[in-house]
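Notes for the one structure printed next.
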Amino acid sequence: MACEIVETEYFTLHTLDDGVFAAIAKPGQGAWSNAGIVDLGEELLVFDSLSTPSAGKELRRQAESLTGKKVKYLINSHYHGDHVFGNQVFFDTTIISTYDTQKLCNEKNSIEDLEKEEKEMKQYLLQLKNQIDSTEDNILKASLINQYQEMSKVLDDLSQLQIVLPSLLFEEKLTINGADRMVELYCLGGGHSPSDTFMYLPKEKIAFMGDIATEDLHVPIDNPVEFLSILQQVKQMDIDTIVPGHGSVTNMALCNTLIDYLSFLTQSAKEAIQRRLPVEDFIAAFEIPKKYKEWKGVNGIKMNLKTIYTYLQKN
Ligand SMILES: [Zn+2]
(Lines give C-alpha, C1' and ligand atoms only; values in the text may rest on other atoms or scores of the structure.)
Protein backbone atom coordinates (compact mmCIF):
# COMPACT_ATOMS: atom_id res chain seq x y z
CA MET A 1 0.00 0.00 0.00
CA ALA A 2 0.97 3.67 0.12
CA CYS A 3 4.41 4.54 1.40
CA GLU A 4 5.12 8.07 2.62
CA ILE A 5 8.17 9.60 0.98
CA VAL A 6 8.14 13.41 1.11
CA GLU A 7 6.66 15.94 3.53
CA THR A 8 5.98 19.44 2.23
CA GLU A 9 4.28 22.46 3.76
CA TYR A 10 1.10 21.67 1.80
CA PHE A 11 0.91 17.91 1.37
CA THR A 12 2.55 14.55 1.98
CA LEU A 13 3.66 12.54 -1.03
CA HIS A 14 3.01 8.80 -1.02
CA THR A 15 4.35 6.27 -3.53
CA LEU A 16 1.58 3.98 -4.77
CA ASP A 17 3.61 2.19 -7.43
CA ASP A 18 6.91 2.84 -9.19
CA GLY A 19 6.31 6.32 -10.66
CA VAL A 20 2.80 6.80 -9.28
CA PHE A 21 2.37 9.22 -6.39
CA ALA A 22 -0.49 10.65 -4.36
CA ALA A 23 -0.20 14.13 -2.85
CA ILE A 24 -2.36 14.03 0.28
CA ALA A 25 -3.34 17.49 1.50
CA LYS A 26 -2.35 18.65 4.95
CA PRO A 27 -5.34 20.36 6.57
CA GLY A 28 -5.50 24.15 6.47
CA GLN A 29 -2.27 24.70 4.50
CA GLY A 30 -3.51 25.76 1.05
CA ALA A 31 -3.69 22.45 -0.78
CA TRP A 32 -7.22 21.61 0.48
CA SER A 33 -7.67 18.65 -1.88
CA ASN A 34 -5.51 15.72 -2.96
CA ALA A 35 -3.62 15.42 -6.25
CA GLY A 36 -1.77 12.74 -8.20
CA ILE A 37 1.51 12.45 -10.11
CA VAL A 38 2.03 9.80 -12.78
CA ASP A 39 5.29 9.12 -14.61
CA LEU A 40 4.22 8.11 -18.12
CA GLY A 41 7.77 7.17 -19.14
CA GLU A 42 9.09 10.24 -20.89
CA GLU A 43 6.92 12.85 -19.24
CA LEU A 44 4.59 13.36 -16.30
CA LEU A 45 0.89 13.70 -15.82
CA VAL A 46 -0.59 15.54 -12.84
CA PHE A 47 -4.14 14.96 -11.62
CA ASP A 48 -5.68 18.14 -10.12
CA SER A 49 -3.74 21.29 -9.23
CA LEU A 50 -4.76 21.97 -5.57
CA SER A 51 -6.49 25.05 -4.20
CA THR A 52 -3.82 27.77 -4.42
CA PRO A 53 -1.07 28.70 -6.90
CA SER A 54 1.43 28.33 -4.01
CA ALA A 55 0.44 24.71 -3.35
CA GLY A 56 0.25 23.99 -7.10
CA LYS A 57 3.78 25.34 -7.52
CA GLU A 58 5.09 23.01 -4.83
CA LEU A 59 3.25 20.10 -6.47
CA ARG A 60 4.92 20.73 -9.81
CA ARG A 61 8.33 21.28 -8.18
CA GLN A 62 8.10 18.00 -6.28
CA ALA A 63 6.86 16.07 -9.32
CA GLU A 64 9.71 17.28 -11.52
CA SER A 65 12.50 16.99 -8.94
CA LEU A 66 11.39 13.53 -7.85
CA THR A 67 11.42 12.10 -11.36
CA GLY A 68 13.75 14.40 -13.31
CA LYS A 69 10.99 14.66 -15.94
CA LYS A 70 8.67 17.47 -17.05
CA VAL A 71 4.91 17.71 -16.61
CA LYS A 72 3.17 17.31 -19.96
CA TYR A 73 -0.48 16.94 -18.87
CA LEU A 74 -2.65 18.32 -16.10
CA ILE A 75 -6.09 16.81 -15.51
CA ASN A 76 -8.90 18.82 -13.88
CA SER A 77 -11.30 16.38 -12.19
CA HIS A 78 -14.05 19.00 -11.88
CA TYR A 79 -14.44 22.79 -11.72
CA HIS A 80 -14.29 23.40 -7.95
CA GLY A 81 -11.59 25.87 -6.94
CA ASP A 82 -9.93 23.56 -4.42
CA HIS A 83 -8.99 21.29 -7.35
CA VAL A 84 -8.13 23.85 -10.06
CA PHE A 85 -6.80 27.06 -8.49
CA GLY A 86 -3.23 25.81 -8.98
CA ASN A 87 -3.77 25.58 -12.78
CA GLN A 88 -1.71 28.68 -13.65
CA VAL A 89 1.46 26.88 -12.55
CA PHE A 90 0.81 24.39 -15.38
CA PHE A 91 0.13 27.05 -18.06
CA ASP A 92 2.70 25.49 -20.42
CA THR A 93 1.26 21.95 -20.17
CA THR A 94 -1.80 20.46 -21.86
CA ILE A 95 -4.67 20.91 -19.41
CA ILE A 96 -7.41 18.31 -19.87
CA SER A 97 -11.01 18.20 -18.68
CA THR A 98 -14.48 17.43 -19.96
CA TYR A 99 -16.26 20.06 -22.10
CA ASP A 100 -18.66 20.73 -19.23
CA THR A 101 -15.90 21.19 -16.66
CA GLN A 102 -14.12 23.70 -18.88
CA LYS A 103 -17.38 25.59 -19.36
CA LEU A 104 -18.03 25.65 -15.61
CA CYS A 105 -14.45 26.75 -14.84
CA ASN A 106 -14.99 29.63 -17.22
CA GLU A 107 -18.44 30.59 -15.90
CA LYS A 108 -18.01 30.06 -12.17
CA ASN A 109 -14.33 30.64 -11.41
CA SER A 110 -13.46 33.76 -13.34
CA ILE A 111 -12.70 36.77 -11.19
CA GLU A 112 -14.11 39.93 -12.73
CA ASP A 113 -13.55 42.28 -9.85
CA LEU A 114 -10.71 41.34 -7.50
CA GLU A 115 -11.54 43.96 -4.88
CA LYS A 116 -15.16 42.85 -4.73
CA GLU A 117 -14.14 39.21 -4.56
CA GLU A 118 -11.69 39.91 -1.73
CA LYS A 119 -14.29 41.88 0.16
CA GLU A 120 -16.83 39.08 -0.17
CA MET A 121 -14.34 36.48 0.98
CA LYS A 122 -13.38 38.57 3.99
CA GLN A 123 -17.06 38.93 4.90
CA TYR A 124 -17.55 35.19 4.54
CA LEU A 125 -14.53 34.52 6.75
CA LEU A 126 -15.91 36.89 9.36
CA GLN A 127 -19.20 34.99 9.34
CA LEU A 128 -17.31 31.74 9.74
CA LYS A 129 -15.35 33.21 12.65
CA ASN A 130 -18.57 34.23 14.40
CA GLN A 131 -20.00 30.75 13.88
CA ILE A 132 -16.79 29.21 15.28
CA ASP A 133 -16.97 31.43 18.37
CA SER A 134 -20.64 30.78 19.00
CA THR A 135 -20.83 27.01 18.50
CA GLU A 136 -20.60 24.62 21.42
CA ASP A 137 -20.53 21.56 19.18
CA ASN A 138 -16.90 20.40 18.94
CA ILE A 139 -17.30 18.46 15.70
CA LEU A 140 -18.93 21.44 14.00
CA LYS A 141 -16.29 23.76 15.47
CA ALA A 142 -13.41 21.65 14.11
CA SER A 143 -15.05 21.49 10.71
CA LEU A 144 -15.62 25.29 10.61
CA ILE A 145 -12.04 25.99 11.75
CA ASN A 146 -10.71 23.82 8.94
CA GLN A 147 -12.88 25.64 6.40
CA TYR A 148 -11.74 28.97 7.81
CA GLN A 149 -8.07 28.04 7.47
CA GLU A 150 -8.45 26.71 3.92
CA MET A 151 -10.41 29.77 2.78
CA SER A 152 -7.82 32.08 4.38
CA LYS A 153 -5.09 30.44 2.30
CA VAL A 154 -7.14 30.97 -0.87
CA LEU A 155 -7.63 34.62 0.12
CA ASP A 156 -3.86 35.04 0.70
CA ASP A 157 -3.23 33.91 -2.90
CA LEU A 158 -6.25 35.61 -4.49
CA SER A 159 -4.41 38.66 -5.83
CA GLN A 160 -2.03 36.44 -7.84
CA LEU A 161 -4.71 33.96 -8.96
CA GLN A 162 -5.19 33.55 -12.70
CA ILE A 163 -7.88 31.31 -14.14
CA VAL A 164 -6.22 29.04 -16.68
CA LEU A 165 -8.72 26.90 -18.58
CA PRO A 166 -8.33 23.35 -19.89
CA SER A 167 -7.67 23.18 -23.63
CA LEU A 168 -7.87 19.47 -24.45
CA LEU A 169 -11.47 18.45 -23.95
CA PHE A 170 -13.28 15.11 -23.91
CA GLU A 171 -16.75 13.84 -23.17
CA GLU A 172 -16.80 10.34 -21.69
CA LYS A 173 -13.44 8.65 -22.00
CA LEU A 174 -9.90 9.59 -22.92
CA THR A 175 -6.90 7.28 -22.96
CA ILE A 176 -3.39 8.66 -22.62
CA ASN A 177 -0.62 6.35 -23.74
CA GLY A 178 2.82 7.17 -22.42
CA ALA A 179 6.02 5.35 -23.33
CA ASP A 180 5.78 3.17 -20.21
CA ARG A 181 2.32 3.65 -18.82
CA MET A 182 -1.30 4.09 -19.84
CA VAL A 183 -3.99 6.02 -18.00
CA GLU A 184 -7.71 6.27 -18.68
CA LEU A 185 -9.92 9.23 -17.87
CA TYR A 186 -13.61 8.56 -17.32
CA CYS A 187 -16.57 10.86 -16.98
CA LEU A 188 -19.63 8.79 -16.12
CA GLY A 189 -21.76 11.86 -15.49
CA GLY A 190 -22.04 14.38 -12.70
CA GLY A 191 -22.72 13.38 -9.10
CA HIS A 192 -20.75 15.78 -6.96
CA SER A 193 -20.50 18.46 -9.65
CA PRO A 194 -22.31 18.58 -13.03
CA SER A 195 -19.32 16.77 -14.57
CA ASP A 196 -16.94 14.55 -12.60
CA THR A 197 -13.82 12.93 -14.02
CA PHE A 198 -11.75 10.21 -12.43
CA MET A 199 -8.49 8.65 -13.57
CA TYR A 200 -7.87 4.92 -13.76
CA LEU A 201 -4.55 3.11 -14.15
CA PRO A 202 -5.68 -0.36 -15.32
CA LYS A 203 -2.35 -2.15 -14.95
CA GLU A 204 -1.65 -0.76 -11.49
CA LYS A 205 -5.35 -0.94 -10.46
CA ILE A 206 -5.18 2.56 -9.00
CA ALA A 207 -7.92 5.19 -9.28
CA PHE A 208 -7.66 8.92 -8.55
CA MET A 209 -11.27 9.79 -7.87
CA GLY A 210 -11.53 13.56 -7.46
CA ASP A 211 -14.56 14.30 -5.27
CA ILE A 212 -16.58 11.28 -6.43
CA ALA A 213 -14.91 9.62 -3.47
CA THR A 214 -14.06 11.48 -0.28
CA GLU A 215 -13.31 10.22 3.21
CA ASP A 216 -15.47 10.99 6.27
CA LEU A 217 -16.93 14.08 4.65
CA HIS A 218 -20.50 15.19 3.86
CA VAL A 219 -19.41 15.82 0.30
CA PRO A 220 -21.75 18.17 -1.60
CA ILE A 221 -24.16 16.36 -3.89
CA ASP A 222 -25.16 17.82 -7.24
CA ASN A 223 -27.18 14.90 -8.61
CA PRO A 224 -27.93 12.03 -6.19
CA VAL A 225 -29.07 9.55 -8.84
CA GLU A 226 -26.04 10.04 -11.08
CA PHE A 227 -23.75 10.02 -8.06
CA LEU A 228 -25.01 6.58 -7.04
CA SER A 229 -24.82 5.30 -10.59
CA ILE A 230 -21.20 6.49 -10.96
CA LEU A 231 -20.21 4.78 -7.70
CA GLN A 232 -21.98 1.54 -8.74
CA GLN A 233 -20.03 1.54 -11.99
CA VAL A 234 -16.73 2.27 -10.22
CA LYS A 235 -17.46 -0.69 -7.94
CA GLN A 236 -17.48 -2.99 -10.97
CA MET A 237 -13.97 -1.91 -11.95
CA ASP A 238 -10.82 -3.76 -10.97
CA ILE A 239 -9.42 -1.27 -8.44
CA ASP A 240 -7.10 -2.01 -5.51
CA THR A 241 -6.16 1.52 -4.51
CA ILE A 242 -8.40 4.57 -4.32
CA VAL A 243 -7.03 8.08 -3.92
CA PRO A 244 -9.99 10.18 -2.75
CA GLY A 245 -10.37 13.90 -3.46
CA HIS A 246 -10.22 14.52 0.28
CA GLY A 247 -8.87 12.08 2.89
CA SER A 248 -6.28 9.34 2.93
CA VAL A 249 -5.33 6.67 0.41
CA THR A 250 -7.69 3.73 0.71
CA ASN A 251 -9.48 0.99 -1.24
CA MET A 252 -12.88 0.02 -2.64
CA ALA A 253 -14.40 -0.04 0.86
CA LEU A 254 -14.74 3.74 0.51
CA CYS A 255 -17.03 3.30 -2.50
CA ASN A 256 -19.29 1.04 -0.45
CA THR A 257 -19.40 3.55 2.41
CA LEU A 258 -20.46 6.29 -0.01
CA ILE A 259 -23.05 4.09 -1.72
CA ASP A 260 -24.53 3.36 1.73
CA TYR A 261 -24.48 7.07 2.64
CA LEU A 262 -26.21 8.17 -0.57
CA SER A 263 -28.72 5.32 -0.44
CA PHE A 264 -29.59 6.12 3.16
CA LEU A 265 -30.14 9.84 2.51
CA THR A 266 -32.15 9.06 -0.63
CA GLN A 267 -34.36 6.54 1.18
CA SER A 268 -34.96 8.99 4.05
CA ALA A 269 -35.96 11.74 1.61
CA LYS A 270 -38.27 9.35 -0.29
CA GLU A 271 -40.06 8.41 2.93
CA ALA A 272 -40.44 12.07 3.93
CA ILE A 273 -41.97 12.89 0.52
CA GLN A 274 -44.35 9.93 0.81
CA ARG A 275 -45.39 11.18 4.25
CA ARG A 276 -45.85 14.66 2.74
CA LEU A 277 -43.39 16.09 5.24
CA PRO A 278 -42.26 19.58 4.13
CA VAL A 279 -38.52 19.82 3.42
CA GLU A 280 -37.81 22.11 6.41
CA ASP A 281 -39.52 19.70 8.81
CA PHE A 282 -37.75 16.73 7.24
CA ILE A 283 -34.34 18.35 7.77
CA ALA A 284 -35.15 19.58 11.28
CA ALA A 285 -36.32 16.13 12.39
CA PHE A 286 -33.53 14.21 10.67
CA GLU A 287 -31.39 12.24 13.12
CA ILE A 288 -27.82 11.88 11.87
CA PRO A 289 -26.83 8.24 12.38
CA LYS A 290 -23.89 7.72 14.72
CA LYS A 291 -21.57 6.51 11.95
CA TYR A 292 -21.87 9.85 10.11
CA LYS A 293 -21.79 12.10 13.17
CA GLU A 294 -18.06 12.75 13.08
CA TRP A 295 -17.84 13.31 9.35
CA LYS A 296 -16.49 16.73 8.36
CA GLY A 297 -18.68 19.44 6.86
CA VAL A 298 -21.52 18.65 9.24
CA ASN A 299 -23.64 21.50 7.83
CA GLY A 300 -23.26 19.74 4.50
CA ILE A 301 -25.60 16.91 5.41
CA LYS A 302 -28.47 19.40 5.68
CA MET A 303 -27.63 20.77 2.24
CA ASN A 304 -27.46 17.23 0.90
CA LEU A 305 -30.82 16.31 2.38
CA LYS A 306 -32.35 19.39 0.78
CA THR A 307 -30.72 18.66 -2.59
CA ILE A 308 -31.95 15.06 -2.59
CA TYR A 309 -35.46 15.94 -1.40
CA THR A 310 -35.81 18.66 -4.05
CA TYR A 311 -34.36 16.42 -6.75
CA LEU A 312 -36.75 13.56 -5.96
CA GLN A 313 -39.73 15.86 -5.87
CA LYS A 314 -38.93 17.20 -9.32
CA ASN A 315 -38.10 13.85 -10.93
ZN1 LIG B 1 -15.45 19.37 -5.28
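Kindly indicate whether any position in segment 213-221 is among the acidic types (Asp, Glu), in contact with a helix residue (DSSP H, G or I) (Cβ under 7 Å, 6 or more places away or on another chain) and without any contact (Cβ under 8 Å) to a residue 40 or more places away in the chain.
There is at least one residue in segment 213-221 that is among the acidic types (Asp, Glu), in contact with a helix residue (DSSP H, G or I) (Cβ under 7 Å, 6 or more places away or on another chain) and without any contact (Cβ under 8 Å) to a residue 40 or more places away in the chain.
So GLU115 passes all but one of these: (1) in contact with a helix residue (DSSP H, G or I) (Cβ under 7 Å, 6 or more places away or on another chain); (2) closer than 24 Å to GLN160 by Cα; (3) outside the structural domain of GLY210 (by TED's automatic domain parsing). Which condition number does it fail?
Only one criterion in (1) in contact with a helix residue (DSSP H, G or I) (Cβ under 7 Å, 6 or more places away or on another chain); (2) closer than 24 Å to GLN160 by Cα; (3) outside the structural domain of GLY210 (by TED's automatic domain parsing) is unmet by GLU115, namely (1).
Looking at segment 94-103 only, could you name the residues that are over 14 Å from GLU171 (Cβ atoms) and surrounded by 21 or more Cβ atoms within 10 Å (Cβ to Cβ)?
Once the filter is applied, which keeps residues that are over 14 Å from GLU171 (Cβ atoms) and surrounded by 21 or more Cβ atoms within 10 Å (Cβ to Cβ), segment 94-103 yields only ILE95.
Quick one: which helices (runs of 4 or more DSSP H) lie wholly within segment 38-119 and hold at least 2 residues that are touching a residue at least 60 places away in the same chain (Cβ under 8 Å) and away from the ligand (no atom under 16 Å from the Cβ)?
The qualifying helices (runs of 4 or more DSSP H) are 53-67.
Looking only at segment 29-36, decide whether some residue is assigned to a strand (DSSP E or B), hydrophobic (A, V, I, L, M, F, W, C) and within 16 Å of the ligand (Cβ to nearest atom).
Looking for residues that are assigned to a strand (DSSP E or B), hydrophobic (A, V, I, L, M, F, W, C) and within 16 Å of the ligand (Cβ to nearest atom), one finds at least one in segment 29-36, hence yes.
Has segment 160-169 got any residue that is assigned to a strand (DSSP E or B) and modelled with pLDDT of 95 or more?
Yes, some residue in segment 160-169 is assigned to a strand (DSSP E or B) and modelled with pLDDT of 95 or more.
Given LYS296, LYS270, LYS235, LYS302, which one is out of contact with any Asp or Glu (no Cβ under 9 Å at 6 or more places or on another chain), of a type in the set (Lys, Arg), touching a residue at least 24 places away in the same chain (Cβ under 8 Å) and closer than 29 Å to GLY81 by Cα?
LYS235
Determine whether GLU136 is more than 16 Å from the ligand (Cβ to nearest atom), without any contact (Cβ under 8 Å) to a residue 40 or more places away in the chain and assigned to a loop (DSSP other than H, G, I, E, B).
Yes: the conditions hold for GLU136.
ALA179 is checked against (1) more than 11 Å from the ligand (Cβ to nearest atom); (2) among the aliphatic types (A, V, I, L, M); (3) buried (at least 23 other Cβ atoms within 10 Å of the Cβ) and fails just one. What number does that condition carry?
Of everything listed in (1) more than 11 Å from the ligand (Cβ to nearest atom); (2) among the aliphatic types (A, V, I, L, M); (3) buried (at least 23 other Cβ atoms within 10 Å of the Cβ), ALA179 misses just condition (3).
The values are calculated or read from the model by the stated rules, or taken from the named source; none is laboratory data. Note that this is a predicted model, so its numbers are computed, not measured. As a convention, Cβ positions derive from the backbone with ideal geometry for all residues, glycine included, and neighbour counts pool all protein chains shown.
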